[in-house]
Structures are given as C-alpha cells and as structure tokens.
Amino acid sequence: MEKTVTRDEMRELDRKAIEEYKIPGLVLMENAGRNVAEEVLKMTTNPQKTKVAVLCGKGNNGGDGFVVARHLHNHHISVKIFLVARIPVILKDRDAGTNLQILLHMKIPVSEVLDIPAAISVLPELDSYDIIIDALFGTGISGEVQEPFKSLIRGVNRLNKTIISVDVPSGLDCNDGKVLGSALKANKTITFAASKRGFYLGNGPTHTGEIIVTDIGIPKEIVL
C-alpha cells in the first residue's frame with residue numbers, strides 16, 4: 001500500500017507548506033482544483049456536450065470545487081455550482097471567497113441549497129448532469145453529517161451518476177473509513193499529496209472508487 005496519512009497528519013502537511021515554506025494557501029487550492037479538472041477532462045470525449053454539476057460546501061474543499069468549475073468552464077464545459085451555504089458567508093473566507101468571487105464575475109451560475117426542501121428539489125436538476133463533482137467536505141469532517149447535506153448526499157447517491165470526489169468522499173471519515181451518517185459513493189476520488197488512511201479501512205473501499213493521488217505543490221521533503 002502506498003503512503004497514507006491521517007487527518008492530523010494532512011493538516012500538518014498543509015501547515016508546514018503554508019507557514020514554513022511560505023506557499024500561499026490560494027496556490028495549493030488552485031493546484032488542487034486544476035488537477036481535479038484535468039482528471040474530469042480526461043473522462044470527456046465531447047466537452048461542449050458535457051454538463052457538470054459541482055456540489056460545494058464551506059471551507060477549502062468548497063474552494064477547490066470553485067477552482068474546478070472555473071477550469072471546466074474555460075474548456076467549454078457547461079458547469080453549475082450547487083452551494084450548501086450562503087454566498088455572502090463564503091465571500092468572507094479568504095481563499096474560498098476569492099475563488100467564488102471569480103466565478104461570480106465570470107457569470108458561472110451558483111445556486112444556494114440551504115435546507116432540506118431545497119436539497120430534495122435540486123435532485124431532478126442534478127439528474128440532468130453527466131458528472132457530479134463532490135466538494136462538500138474535505139478531510140476535516142469527523143462528526144455526523146448534518147442536514148441539508150445528509151438529504152443531498154443520499155439523494156445524489158440514488159441518482160447513479162458519475163461522481164468525482166475532491167480529496168475525500170464527503171461524509172467518509174478519512175481516518176477510519178467510517179460513514180458519518182451519510183457519505184457519497186464516488187466513482188473516482190482525486191486526493192492531494194498522499195492517500196488517506198480511511199480509504200482502505202471500514203467503508204472506505206466501497207466509497208472511494210478509483211483513487212488518484214495528485215501533487216498540489218506541497219514539498220516532497222515533508223510528504224515522504
């Protein structure tokens with residue numbers, strides 16, 4: 001098995017990269033999102049006829065999703081953000097807010113999904129997309145998934161769409177592979193710097209699909 005890291009170990013890698021090596025978090029986010037977009041592009045034979053929905057939450061994982069959307073849009077793919085948060089709240093976040101601001105200037109559509117009825121009502125629309133990008137939760141989640149995330153995750157799993165998870169399938173504990181109440185079942189998980197321990201434990205193998213580890217610029221000296 002390749003090298004794996006826990007939640008705390010990944011957090012420490014990020015900290016060292018940003019604080020000790022002075023790599024801006026915005027650069028790491030850009031690299032992460034671009035890498036995911038490149039993997040999605042490999043799956044599309046006709047970008048102009050491909051529709052991609054990006055599910056975004058708060059924090060850096062959602063920020064990665066915003067970057068994915070921008071790069072797909074620039075490759076002529078029809079893309080829309082489904083944001084489980086309020087736009088003004090995200091705009092206050094330094095890195096994720098910066099990337100959301102760019103999307104808004106680019107006129108990439110962003111829909112807020114703020115409660116259970118909204119989560120249920122967007123499912124028919126999501127069913128019209130070819131690929132769903134999961135950028136709801138990253139490695140930081142450890143407690144039970146709350147609403148409206150839970151209803152959205154369960155509904156999306158029932159759609160039987162191609163799901164690409166950003167870093168970690170949302171709702172999966174990256175330490176032990178436990179499903180935290182509800183977790184997306186990805187066809188492919190594109191994870192950053194190193195694979196996560198929980199991918200190979202518990203329910204991890206049934207939720208991650210194909211695992212692709214990508215380099216986002218964290219110095220190899222601290223990853224090895």
*Go through the residues of region 200-215 one by one and say whether even a single one is modelled with pLDDT of 95 or more, assigned to a loop (DSSP other than H, G, I, E, B), among the aliphatic types (A, V, I, L, M) and under 24 Å from G33 (Cβ atoms).*
no
*Of all residues in region 165-224, which are acidic (D, E), open to solvent by 30 Å² or more (accessible area, probe 1.4 Å), in contact (Cβ under 8 Å) with a residue 12 or more places away in the chain and closer than 22 Å to L28 by Cα?*
D215
_Top-ranked residue of region 109-144 - restricted to ones that are part of a loop (DSSP other than H, G, I, E, B) and closer than 15 Å to G33 by Cα, ranked as modelled with the lowest pLDDT_ = G138
*Quick one: in region 19-51, which of the residues that are assigned to a helix (DSSP H, G or I) and of a type in the set (V, I, T) is farthest from I212 (Cα to Cα)?*
V27
*Residues of region 93-108 being modelled with pLDDT of 95 or more and not in a helix (DSSP H, G or I), which ones?*
M106, K107, I108
*List the number of the failed condition for L41; all other conditions in (1) open to solvent by 30 Å² or more (accessible area, probe 1.4 Å); (2) in contact with a Cys (Cβ under 7 Å, 6 or more places away or on another chain); (3) among the hydrophobic types (A, V, I, L, M, F, W, C) hold.*
(2)
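So that you can scan it fast, the table gives a plain yes or no per residue for (1) at pLDDT 95 or above; (2) over 30 Å from S128 (Cα atoms); (3) not hydrophobic (A, V, I, L, M, F, W, C):
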residue	(1), (2), (3)
V5	yes, yes, no
I18	yes, yes, no
G25	yes, yes, yes
G33	yes, no, yes
A37	yes, no, no
M43	no, no, no
N46	no, no, yes
T50	yes, no, yes
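The values are calculated or read from the model by the stated rules, or taken from the named source; none is laboratory data. What you are looking at is a predicted structure, and each value in this text was computed from that prediction instead of being measured. Don't worry about glycine lacking a Cβ; one is built from the backbone with ideal geometry, like all the others, and counts go over all protein chains shown. For accessibility, only protein heavy atoms count, side chains too; no ligands or nucleic acids. Shrake-Rupley method; radii C 1.70, N 1.55, O 1.52, S 1.80 Å.
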